[in-house]
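Structure record follows, encoded as structure tokens.
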Amino acid sequence: MTEFTTLHPYDPLFVARYVAAIKGAMAPGDLLPGAPDWAEREIARAQSGYTRAGDGGEAGANAVSYSLARLLGATEPVFFVPGLGFTQLEAKVDRGIGMLLRPPSRLFTDAGLEMAAARAMPIRLDASGGLMGGAVIPPALTPRFRDHLEQRMDRLARRLAEAEMDAPACIGILLEAATYAAERGLGLYEAADAVAPGVAESYPPGLRLVAPDRKRLDRALRQRLEEASRPPREPGLLARMMGRGTRGKEAENGRRWGGNSDVTPPPERAPAPDSAPPSLEE
């Protein structure tokens, strides 16, 4: 999957105007008065995809979802989340985020796109890569997304560290995107390859690119995330010799659990103190 994943704050009214421009009901230049020529080129590409999407073509539908991300990049900040869009976050780090995600088809049908064209859009970013838009968190759910990140912050930091990612920087950029959208009543929309950092030719006009940087975090938050992302400390020699960490029941019967594959039989139950010994005559 592409590493050039981005999150785009969006206003549903802007998406509706974008769909109107694709369908020819609005002049493309009116979407972006400051750069009308650039907007016309993007809308022309989306219109070509719209024609193919109407026949069920996935590539055409992807062109429609991709151009929306490009135009959003000219109107709102773009949060660069390398390898950690909603699709990757749900698949590799936190399944729980899935309850907040909606397919792009929902966003576009609500904005007036025909169902046949919207249904051709994949519900998440494609693992094989490509220019496309992906999952959506609607405006009503971005505050919950921010709360979700804050409540599961330590766990997310550990999971990201296990995946050899910069946990403080990654969680920081997700929090920035969630906070920006929640405070302004906006949704969040993921996209692949809408912007290539360092390649000026890929930038929409007026781009405000926000990249991960742990130095932007509050000091206390950064220290908390750094601590949570460190691997657990191994017990010292003395602790291992004294058997610290062994559960009470295991210490009593001299047996330690060996994992799910442990087939060691349990120890025999000791006879009750008042029970009579078995008779040798029987």
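Tabulated data
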{"quantity": "Hz values of 3J(HN,Hα) by residue in the stretch 26-40 - Karplus curve (6.51, -1.76, 1.60), Gly and Pro given as x", "calculated": "8, 5, x, x, 6, 5, 9, x, x, 8, x, 5, 5, 4, 5"}
{"quantity": "Rounded to the nearest 20 debye, dipole of the stretch 5-228 from Cβ charges on Lys, Arg, Asp, Glu", "calculated": "360"}
{"quantity": "Of L207, M132, T142, farthest towards positive along the dipole that unit charges on Lys, Arg, Asp, Glu beta carbons give the stretch 5-228", "calculated": "T142"}
{"quantity": "Estimated FRET transfer efficiency (T179, S202; beta-carbon r; R0 30 Å; 0.05)", "calculated": "0.70"}
{"quantity": "Calculated from backbone phi, Karplus (6.51, -1.76, 1.60) coupling profile of the stretch 171-180 in Hz, x at Gly/Pro", "calculated": "5, x, 5, 5, 5, 4, 5, 5, 5, 4"}
{"quantity": "Relative contact order of the stretch 5-228, pairs being alpha-carbon contacts under 8 Å that are 6 or more residues apart, as %", "calculated": "29"}
{"quantity": "Residues A163 and E227, FRET efficiency given R0 of 30 Å [Cβ-Cβ distance, rounded to 0.05]", "calculated": "0.95"}
{"quantity": "Total charge dipole magnitude, the stretch 45-102, about the Cα centre, Cβ charges on Lys, Arg, Asp, Glu only, Debye to nearest 20", "calculated": "60"}
{"quantity": "Isotropic mean projected area of the C-alpha convex hull, the stretch 63-163 (nm²)", "calculated": "7.1"}
{"quantity": "Largest to smallest principal axis extent of the C-alpha atoms in the stretch 5-228, angstrom", "calculated": "54, 33, 30"}
{"quantity": "For M132, distant residues with modelled amide H under 5 Å away", "calculated": "A192"}
{"quantity": "Burial ranking of peptide ranges 206-212, 133-139, 18-24, 161-167 (average Cβ count within 10 Å, highest at the top)", "calculated": "133-139, 18-24, 161-167, 206-212"}
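Computed from the coordinates by the stated procedures, all read-outs in this text should not be read as laboratory data. Fair warning: this is a prediction, and the values are worked out from it, not measured in the lab. Methodologically, a virtual Cβ is constructed for each residue, glycine included, from the backbone with ideal geometry; neighbour enumeration extends over all protein chains shown.
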